[in-house]
Amino acid sequence: MIDLHSHILPQIDDGAKSIDISLEMARIAVNDGTKIIACTPHIRPPTYDNNDKIIQSSINALRRRLKEENIDLKLVMGADIHINPNVLERLQNKSAPTLYGTKYFLFEPPHHILPPNIDRFCEQVMQAGYIPVLTHPERLTWIENHYDVMVKMDEMGVAVQLTAGSITGRFGERAKYWSDKFLAEGRVDIIASDAHDPKHRPPKMSGARDYIAKFCDDETARRLTLDNPLLILKNQDLPAKKRTKSIKKTQKSVFRSVIDRLKG
Ligand SMILES: [Fe+2]
């Protein structure tokens, strides 16, 4: 598997608190079947004022330690870029890194407020040649009242990343409800761990992959955890999504039980 969203770099944001914790996370990822992980610390000034140089030197240091410890995990560079008026300029001057230098970048909207003109922002960066990868829409609280905005972004070509833990229920019923809905409607391009630590938010994706194999099918599970992340790293276009409004019979019972529990 290829995990394109993690906070594995030490002491650079709210992720790994030390290099030993980064190494522990790397071991967990490898044992779970991940071969490549993107190091994507927050860029959210002034709280997390990261840039390409800071991220690159932290990756270099972690890479050296992985080699010393014989941990077979390939690191690629990226960032979890918070919406901000300077984003386009920073992508263009490369101080905010895209994923592995490609046209794709992780785009993190605020959790509790729908930013006005979020679709206009996506349009502008796409016109400039970039593809935003919308991170964890299923966990944003404003999705409840603005699912139409998610649909609009998906349909204009924004890539969609769900968090593995949402799919397996780690983030609660609501995140699970929305991730099931995205999966059932065929709106997902990749899943990622968005790992922050070894215990509560570990770099694991296999549980979500296995769930998707049952909830959708094996081909989708492979596409979201390997084929599409690889296309992104090769800077190639993602395949057209097979969107559907009708939920399969087998999905209906899972979906129904979540809705019932939410209502109850
Ligand atoms: Fe993140």
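The values are calculated or read from the model by the stated rules, or taken from the named source; none is laboratory data. This one's a predicted model, so the numbers in the text were calculated from it and none came from an experiment. Here the Cβ is made from the backbone with ideal geometry for all residues, glycine too, and neighbour counts use every protein chain on show. What goes into the accessible areas is simple: the full protein's heavy atoms, side chains included, and nothing from ligands, DNA or RNA. Shrake-Rupley method; radii C 1.70, N 1.55, O 1.52, S 1.80 Å.
Values as computed for the structure displayed
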item	result
Which listed pairs, of K152/K199; K35/K241; K67/K152; K181/K234, have C-alpha distances above 32 Å, in listed order	K152/K199; K67/K152
Exposure rank, largest accessible area first [I131, I2; 1.4 Å]	I131, I2
Top of G186, G129, G157 by mean-square fluctuation, Gaussian network on the chain, Cα under 10 Å	G129
Alpha carbon Rg of the chain, scaled by the compact-globule rule 2.2 N^0.38 Å	0.96
Distant-in-sequence amide H partners of G15 (H built 1.01 Å from N, under 5 Å)	none
Eligible aspartates and glutamates near K103 by straight Cα distance, threshold 16 Å, same-chain separation 8 or greater	D52, D80, E89, E123, D189, D237
Per residue accessible area in Å² of the chain, where ligands, DNA and RNA are left out and the probe is 1.4 Å	46 Å²
For segment 158-171, 3J(HN,Hα) per residue [Karplus equation, 6.51 cos²θ - 1.76 cosθ + 1.60, θ = phi - 60°, Hz, x = Gly/Pro]	5, 7, 10, 10, 9, 8, 3, x, 5, 5, 8, x, 5, 9
Around T40: net Lys/Arg minus Asp/Glu count, Cβ-Cβ under 9 Å	-2
Interchain or long-range residues, amide H under 5 Å from V76's placed H	I37, A38, C39
Sequence of F171, F182 when ordered by accessible area, the most exposed leading, probe 1.4 angstrom	F171, F182
Sulfur and carbon atoms: percent of accessible area, segment 2-263 [1.4 Å]	51 percent
Lys/Arg +1, Asp/Glu -1 at C-beta; segment 93-249 dipole; positive extreme among H200, A96, L238	H200
Other-chain or far-sequence residues with amide H under 5 Å of V160's (modelled H)	L134, D189, I190
Mean ellipticity per residue at 222 nm, deg cm²/dmol - from DSSP H runs of n ≥ 4 across the chain, formula -39500 (n - 2.57)	-12000 deg cm²/dmol
